[in-house]
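J.: Before we start, here is the structure in question, set down as structure tokens.
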Amino acid sequence: MKVASLNHGSQDGWLVAVAADLSTQRSCTDKTLREALDAERIVPECTEHPFHEDLCKAVLPRATQFLDASAYVNHVDLVRRARGAEMPERFWSDPLMYQGCSTFIGPKDDIRSDVSWGIDFEAEVAVITSDVHQGVSAAEAIGFIEYILLINDISLRALIPDELSKGFGFVQSKPPSATSPVAVPPTECPGWKGGKLHGVLNVDLNGQPFGRADAGIDMTFDFGTLIAHAAKTRPLGAGTIIGSGTVSNRDADGGPGKPVAQGGRGYSCIAEQRMVETIQTGAPQTPFLQPGDRVKIWMEDETGQSIFGSIEQEVAPWP
């Protein structure tokens, strides 16, 4: 059953089981999702109440760990092409992954960062695992996925180059990400097949379509492969979140893609649109997020019903 964590009670929220159409909720015996994952159960009460996603915290506000990948290699290819660098061939066979911030903010929380840091959104698919043993195979790893959700992996683009130049990964350039209001078990998730979530990942910026990429297309590494990569040398504790990285599609002719306004699938982050602009015109044109900008991320099933609820965030003035 679908689950959410209401903004009530402890730092980890108040666990509720949510109806398939997101209309009602029932409290659970375990008060938090962390407790339920450890107990390997979800036991909802009988009494139903209306569900309001605006009252949700992050599904798992304090994850055991957050490992974010770059499963859509088209995105990596565009990054390198924009700066005139050749992409190593091994990127197509060996996943990129980094250790992100394990604290998550709610789906309606403001984005609070200095605009000089280059604030960007990244629409992603993610999974929450149960306990995963070291050395798990990619095929076996699929069975350790407890829930699927969406993430806005907020990035501070202006800080990234200096951090990466040290050769030691992201820290300051990756603040807390936001999760969708609801997480869904694989058995109940429309479009889930072969360790990938198929379907259009919708992104609006200031009320206008920005991204309509299909999350099941151009995903080089499925989630089983990503989990196996993460668990090669260590076990993963229950409550580990694995992110897909920015969902990215290329054109049917292999091109870098077009904006939605030009009939393309658009982009799941501003940086990718800027990369395409750089490739085509020699310089980026689209600015990063500014105070007052609003981002919405969501996914629908074939009937138009929201699957995970929506991430809707506004950039707040800083400090």
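Bear in mind that the values in this text are calculations on the coordinates, not laboratory data. Keep in mind the model is a prediction, meaning the values are calculated, not measured. Here Cβ is always computed from backbone atoms with ideal geometry, including for glycine, and neighbour counts include all displayed protein chains.
J.: Reported to two decimal places, what Rg/Rh ratio describes region 22-124 when computed on Cα atoms with Rh from the Kirkwood expression?
T.: 1.10
J.: Same structure again: With the calculation restricted to Cα positions, what are the radius of gyration and Dmax of the chain in angstrom?
T.: 18.7, 60
J.: Taking square-rooted eigenvalues a ≥ b ≥ c of the alpha carbon gyration tensor, is region 151-232 rounded, prolate or oblate, where a/c under 1.5 means rounded and, failing that, a/b exceeding b/c means prolate?
T.: Oblate is the answer for region 151-232, as a/c is 1.5 or above yet b/c matches or exceeds a/b.
J.: Ok, one more. In Å, the Kirkwood hydrodynamic radius of region 210-306 over pairs of distinct alpha carbons?
T.: Here the Kirkwood hydrodynamic radius works out to 15.9 Å.
J.: Report relative contact order for the chain in percent, whole number only (criteria: Cα-Cα under 8 Å, sequence separation at least 6).
T.: 23
J.: Quick check: net charge around residue 317, other residues with Cβ under 13 Å of its Cβ, Lys/Arg +1 and Asp/Glu -1?
T.: Net local charge, residue 317 excluded: -3.
J.: A further question on this structure: Treating each Cα of region 153-197 as an identical point scatterer and ignoring solvent, apply the Debye formula and state log10 I(q)/I(0) at q = 0.31 Å⁻¹.
T.: Taken in order of the listed q values, log10 I(q)/I(0) reads -1.09.
J.: Now for a different question. Give, as a single signed number, the net charge of other residues whose beta carbon lies under 13 Å from the beta carbon of residue 217, with Lys and Arg counted +1 and Asp and Glu -1.
T.: Local charge sum for residue 217: +1.
J.: Looking only at 44, 107, 161, which one moves most when the chain is put into a Gaussian network model with springs between Cα atoms under 10 Å?
T.: For the chain, modelled as a Gaussian network with Cα springs under 10 Å, the answer is 161.
J.: Where Rh is the Kirkwood radius over the Cα pairs of region 48-198, the temperature 25 °C and the viscosity 0.890 mPa s, what D in µm²/s does Stokes-Einstein return?
T.: The diffusion coefficient I find is 142 µm²/s.
J.: Mind checking the log10 I(q)/I(0) for region 101-156 at q = 0.25, 0.29, 0.30, 0.31 Å⁻¹? Debye, one equal scatterer per Cα, no solvent, two decimals.
T.: So the normalised log intensities are -1.06, -1.25, -1.29, -1.32.
J.: Using 29 Å as the Cα-Cα cut-off, could you pick out the over-long pairs in 174/296; 232/296; 196/296; 57/258; 31/232?
T.: Violating the 29 Å limit, Cα to Cα: 232/296; 57/258; 31/232.
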